[in-house]
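A short worksheet on the structure shown next.
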Amino acid sequence: MNLKILFQRNLHFGKKLIQLHHYNAILFFLLSMTGLLLFSSAFRSTFPSIRVLMKDLHIWIGVIICIPLLVYIPEMKKHVKTLSKKKNNRVNLRFILSILILLIISGFLLTFHRVTPPIVSSWALLIHDVATWIGLPYVIYHSMTRSKWFKKLEMRINKVEIKEEPMLIEDGNPIYKRRTFLRSLSGSIIVSMFLPVIARWFQPNFVSYSEKSSGLNRNQFSPIPSPNAKSVPPIGGGRKGEFRYYTITEIPKLNDENWSFTIDGLVEKKSTYKWNQFVHLERDVQVSDFHCVTGWSVYSVTWEGIPLRTLLKQAGIKKEAKYVKFYSADGVYTSTLSLDHAMIDDVMVAVLIDGEQITEKNGGPVRLIVPKMYAYKSVKWLNRIELIDYEHIGYWEKRGYSQDAWVN
Ligand SMILES: Nc1nc2c(c(=O)[nH]1)N[C@H]1C(S)=C(S)[C@@H](COP(=O)(O)O)O[C@H]1N2
Ligand SMILES: [Mo]
């Protein structure tokens, strides 16, 4: 082929590539911002009302970012050809494309998490997170070292070095050395910024171990509930997976003095328990899975507590009662179940998890669990159950979460 034509074609292609990169950079920035906001617990508590909007936005930007990628696919062969002599660029391309593919597939699965079994979303979320925490720093590095600003900086440093140490040449090309130095410097700065999060992913038990040993659980209630024989050791060896701790308020500071537990509303017998009464109520043990609507799950959790229906029957359900409303000691969070759903066997007012007291982060001393529904139903720091005859809309449901919380 005529060399001149080949050159022109490459030039044309190069321009296209640059254009593609500009669109991508903006979209990628928006995608990262919305993604990081969704991940952030500060955002969860400060702007709960736009959380659902942010999620939809993130999904749509994700879909839009696939369009330039579709434009690129037919050109890919050509692109790879132009890189036949540049090993680094080829590796770079392969890496970026694999990260993108992982993000797209896992993002797609997460978007349709309601029609897939929870185990699929757990994996998808893990992959989405890991790919983000590796891909994001890489893309920042990539776009930095390729920016005009960085190139100028490199050139300036190289010039200075050449003037000052012209004799260094025997030790290899000084320009090359300086450039590698500058690149590894910016690389390590970026990596050290992201390392804490990345490390957490590869050492998922890190947080819970340090928590146990440093006694971060400030829930010091006495007497300590003594676990049922079925709870210790926990059935099947204990839970699999990690909780992500969520709260939309500060964690309430609870102790056996200020804590109480009330059942009231449309019941025959209203009652309020103090801790030392509550701790002596008869408890049951069950193993169940715990699913958050954002995709993560914790499997085979051994919960010990009082089945909700036992509590309700003891209180005496009045005929007018249609719904059960749950309150949190944080003073803000609530959820509801219809009376029928509240009577399902595994809905439990839990006191122990895997034979241990529920930590304050995890919603202790007492939390609700509704295993068959997404965990936004499972009120943490549960301190009041009220029977009502109207439908109450819970905290997250009011802010856009589906009223139907059934897990597939
Ligand atoms: N009081 C209170 N209960 C709550 C929440 C909350 O923010 N506050 N978040 C809910 C959601 S969305 C989930 S996924 C679970 C998380 O439980 P964990 O923080 O113990 O992992 O608690 C649920 N119960
Ligand atoms: Mo959740």
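The values are calculated or read from the model by the stated rules, or taken from the named source; none is laboratory data. Only a predicted model underlies this, so the values are computations on that prediction, with no experimental measurement involved. FYI the Cβ positions are ideal-geometry reconstructions off the backbone, even for glycines, and counts take in every protein chain you see.
Here Lys87 passes the criteria (1) within 31 Å of the chain's Cα centre (by Cα); (2) farther than 30 Å from Tyr401 by Cα except the one numbered (1).
Looking at Lys274, Lys270, which one is touching a residue at least 40 places away in the same chain (Cβ under 8 Å), assigned by TED's automatic domain parsing to the domain that holds Gly238 and either surrounded by fewer than 18 Cβ atoms within 10 Å (Cβ to Cβ) or within 14 Å of ligand 1 (Cβ to nearest atom) (or both)?
Working: Lys274 fails: touching a residue at least 40 places away in the same chain (Cβ under 8 Å).
None of the others qualify; the one that does is Lys270.
Taken over region 106-149, the criterion of being under 15 Å from Met193 (Cα atoms) and of a type in the set (Ser, Thr, Tyr) is satisfied by Thr132, Tyr138, Tyr141. Beta carbons closer than 6 Å, at least 6 apart along the sequence or on distinct chains, never pair a first residue in region 36-49 that is assigned by TED's automatic domain parsing to the domain that holds Arg244 with a second that is assigned to a helix (DSSP H, G or I). Criterion applied to Phe261, Phe221, Phe206, Phe290 was being surrounded by 17 or more Cβ atoms within 10 Å (Cβ to Cβ) and modelled with pLDDT under 95, and the one residue passing it is Phe221.
Selection of region 60-107 for residues being modelled with pLDDT of 85 or more and buried (at least 16 other Cβ atoms within 10 Å of the Cβ) yields Ile61, Gly62, Ile65, Ile99, Leu100, Leu102, Leu103, Ile104, Ser106, Gly107.
Among the residues of region 351-376, the ones that are within 16 Å of ligand 2 (Cβ to nearest atom) and either in a loop (DSSP other than H, G, I, E, B) or farther than 19 Å from Ser45 by Cβ (or both) come to 10 in all.
Would you point out which residue out of Leu308, Leu339 is within 26 Å of Tyr401 (Cβ to Cβ) and crowded, with 22+ Cβ neighbours inside 10 Å? Step through it out loud before you land on a result.
Details: Leu339 fails: crowded, with 22+ Cβ neighbours inside 10 Å.
From the options Leu308, Leu339, the qualifying one is Leu308.
What about Lys269, is it of a type outside the set (Phe, Trp, Tyr) and either at pLDDT 95 or above or closer than 18 Å to Ile344 by Cα (or both)? So Lys269 passes the test. Is it the case that region 401-408 has a residue that's among the hydroxyl-bearing types (Ser, Thr, Tyr), in a loop (DSSP other than H, G, I, E, B) and closer than 19 Å to Phe261 by Cβ? The answer is no; no qualifying residue exists.
Scanning region 31-43 for residues that are surrounded by fewer than 17 Cβ atoms within 10 Å (Cβ to Cβ) and of a type outside the set (Gly, Ala, Ser), we see that the one that is farthest from ligand 2 (Cβ to nearest atom) is Met33.
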